[in-house]
1. How many residues does region 1-22 hold that are surrounded by 15 or more Cβ atoms within 10 Å (Cβ to Cβ) and at pLDDT 95 or above?
2. Among the residues of region 99-138 satisfying the criterion of being among the aromatic types (Phe, Trp, Tyr) and over 13 Å from Met26 (Cα atoms), which is nearest to the chain's Cα centre (by Cα)?
3. Among the residues of region 13-70, write down those that are touching a residue at least 12 places away in the same chain (Cβ under 8 Å), basic (Lys, Arg) and at negative phi.
4. Out of curiosity, is Ser28 surrounded by fewer than 15 Cβ atoms within 10 Å (Cβ to Cβ), out of contact with any Asp or Glu (no Cβ under 7 Å at 6 or more places or on another chain), under 21 Å from Ser142 (Cα atoms) and not charged (D, E, K, R)?
5. Evaluate region 76-87: report whether one residue or more is touching a His at 6+ places or on another chain (Cβ under 8 Å) and farther than 22 Å from Ala32 by Cβ.
6. Suppose we filter region 139-156 for residues that are among the hydroxyl-bearing types (Ser, Thr, Tyr) and more than 19 Å from Arg29 (Cβ to Cβ); how many remain?
7. Any residue in region 116-129 that is touching a residue at least 12 places away in the same chain (Cβ under 8 Å) sitting within a Cβ distance under 8 Å of a residue that is surrounded by 10 or more Cβ atoms within 10 Å (Cβ to Cβ)? List the pairs, counting only those 6 or more apart or interchain.
Amino acid sequence: MLDDPIKYGLLAALAIALLIAAFTDMKSRKIANWLNAAIALGAPVFWWATGLTLWPEIAIQLGLAVATFLVLSVLFAIRAMGGGDVKLLTALALWIAPEHFLKLLVMMALLGGVLTVVMAGWHAMRRQKHKLAIPYGVAISSAGLWVIASFYIPASALEGVAG
């Protein structure tokens, strides 16, 4: 449970960065390097604020990020994923605990599937000839926001927002 305003502030900053990533990816199909770097560089502050130990907790977060980058680099190499998406998901791997990161990936895949169907339908209705480009940063960001709301913010804090 997060009982420190610094932790909530860092999560709020991450949420804002994810919203910016989603909007810029939707608008221009690009996620800025400075934004991905800011997300990644904020992770060590979050580790400190949450009291993670160097071994094994921080080492596991770093390992998760490296593994994420390696797997997604293959997808980038075969043009199945954009570079900004690879960097965004790798940066998120620095923040999200491994037990929640798998849930993030599942939610991202589900949201990405829905996004792809909607974008393909829109593309077809407009009879566009150019290649369909999916702003997958929207799915990544949405899944990240879902994980933050579901696992990092206590339900009691969300009740005040919802009702």
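1. To start, the set of residues in region 1-22 that are surrounded by 15 or more Cβ atoms within 10 Å (Cβ to Cβ) comprises 2, 7-8, 10-11, 13-15, 17-18, 20-22.
Next, only the ones that are at pLDDT 95 or above stay: 10-11, 13-15, 17-18, 20-22.
Residues that pass the stated criteria total 10.
2. First pass over region 99-138, keeping only residues among the aromatic types (Phe, Trp, Tyr): 101, 122, 136.
Checking which are over 13 Å from Met26 (Cα atoms) leaves us with 101, 122.
On the way: Phe101: 10, Trp122: 25 Å.
Among those that are among the aromatic types (Phe, Trp, Tyr) and over 13 Å from Met26 (Cα atoms), it is Phe101.
3. Residue satisfying the conditions is Lys30 alone.
4. Details: surrounded by fewer than 15 Cβ atoms within 10 Å (Cβ to Cβ): yes; out of contact with any Asp or Glu (no Cβ under 7 Å at 6 or more places or on another chain): yes; under 21 Å from Ser142 (Cα atoms): yes; not charged (D, E, K, R): yes.
Taking the combined requirement at face value, the residue satisfies it.
5. Step one: filter region 76-87 for residues touching a His at 6+ places or on another chain (Cβ under 8 Å), giving none.
For region 76-87, residues touching a His at 6+ places or on another chain (Cβ under 8 Å) and farther than 22 Å from Ala32 by Cβ: absent.
6. So in region 139-156, the residues among the hydroxyl-bearing types (Ser, Thr, Tyr) come out as 141-142, 150, 152, 156.
This time we only want the ones that are more than 19 Å from Arg29 (Cβ to Cβ), so: 150, 152, 156.
Total satisfying the criteria: 3.
7. These pairs meet every condition: Thr116/Ile134; Met119/Leu132; Met119/Ile134; Met119/Pro135; Ala120/Leu132.
The values are calculated or read from the model by the stated rules, or taken from the named source; none is laboratory data. Because the structure is a prediction, the values reported are computed rather than measured. Glycine also receives a Cβ, built like all others from the backbone with ideal geometry; neighbour counts cover every protein chain displayed.
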